[in-house]
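In what follows, a structure is listed as structure tokens, so that the remarks can point back to it.
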Ligand SMILES: Nc1ncnc2c1ncn2[C@@H]1O[C@H](COP(=O)(O)OP(=O)(O)OP(=O)(O)O)[C@@H](O)[C@H]1O
Ligand SMILES: [Mg+2]
């Protein structure tokens, strides 16, 4: 008889991903389960799970290749230089977010999932978002999650590149991007947005920045596409106020508080059996670090554990990795 050994949280995660038809997550959780079983010394069971996952992946690969008869939206020609496309599988549930931010994003998703219904009443879904906050707080990840949730491609526009590489013709390049938004429905992320959004006077090529900014204001006003336009920036203070008025929502991202750090630690260390760790104590060490820094520290701690041939994460592993991140930051 097969002993029931899986952790209940992993069974729940499996069921949840099944219910949400999130196959990549389902398979990821199954692999975590295999690792968990291996650590418990159930190597035969672990091996069987891995084999099943591999078979499932192969089958999926075959199906996907068949599905690819329909061409994916790939930018070509001039656009290939301006846009980078990806098909994220990120979900909003993968992120740790303050309640208010999650609510705003869920509202956006809800409106897009029921666009047709809104249209029947002459209403349209909100489509222009401005994300503001320090590095590593989840702005880019949010764009991926919105794309992942709505099963849309994510197109990243490099603003800085747009300005420096096409001096004198940035505005016309920007028009190309907005035209693409009409043709190919997707999530368009304008990263490093302060490159054009900066107030008069900031930066070197003031005239060029001004031209692009005015072009952006005009394009966004005329934008009737079904795409979602997300602008992200670290610097709020320097943004032009006329520009800010054009967005449906301005979402602020902050460094995580204690509770959010704990939540993040829990999700990132889930597959390494954190039951023996006092996450509240560890969270104190993480004060002032960004989500991105904490995620990397968790990975460092897990790698140390694996490479040193240990079965469980210790408190020290995690606090040491967090301290190292903090010092690393001070050094740079
Ligand atoms: N809110 C969050 N919840 C969970 N993980 C997060 C969150 N924010 C950041 N991360 C982790 O940090 C990584 C980097 O985050 P992201 O690229 O979204 O930061 P950013 O805000 O865009 O930073 P930058 O301003 O430097 O572009 C993510 O891939 C993810 O692993
Ligand atoms: Mg980013």
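Here are a few things to note about the model shown:
- Of the residues making up the range 205-222, none is surrounded by 18 or more Cβ atoms within 10 Å (Cβ to Cβ) and within 16 Å of ligand 1 (Cβ to nearest atom).
- Residue within the range 122-145 that is modelled with pLDDT of 90 or more and farther than 30 Å from residue 240 by Cα present: yes
- Note on the range 229-238: residues that are away from ligand 2 (no atom under 16 Å from the Cβ) and either in a strand (DSSP E or B) or in contact with a helix residue (DSSP H, G or I) (Cβ under 9 Å, 6 or more places away or on another chain) (or both) total 1.
- The condition of being within 16 Å of ligand 2 (Cβ to nearest atom), in contact (Cβ under 8 Å) with a residue 12 or more places away in the chain and under 27 Å from residue 23 (Cα atoms) holds for only one of 132, 85, 146, 157, that being 146.
- So residue 138, is it within 16 Å of ligand 1 (Cβ to nearest atom), on the phi > 0 side of the Ramachandran plot and either touching a strand residue (DSSP E or B) at 6+ places or on another chain (Cβ under 6 Å) or not assigned by TED's automatic domain parsing to the domain that holds residue 21 (or both): yes
- Tabulated pairs, the range 210-238, first touching a residue at least 40 places away in the same chain (Cβ under 8 Å) and more than 15 Å from residue 191 (Cα to Cα), second within 16 Å of ligand 2 (Cβ to nearest atom) and outside any helix (DSSP H, G or I), C-beta under 8 angstrom, 6+ apart or interchain: 220/229; 223/229; 227/187; 227/188
- Residue 284 being surrounded by fewer than 17 Cβ atoms within 10 Å (Cβ to Cβ) and within 27 Å of residue 34 (Cα to Cα): no
- Odd one out for residue 100 among (1) surrounded by fewer than 14 Cβ atoms within 10 Å (Cβ to Cβ); (2) out of contact with any strand residue (DSSP E or B) (no Cβ under 9 Å at 6 or more places or on another chain); (3) over 22 Å from residue 179 (Cα atoms): (2)
The values are calculated or read from the model by the stated rules, or taken from the named source; none is laboratory data. In this text the structure is predicted, and so the values were computed from the model without any measurement. Note that each Cβ is placed from the backbone with ideal geometry, even for glycine, and that neighbours are counted across all protein chains shown.
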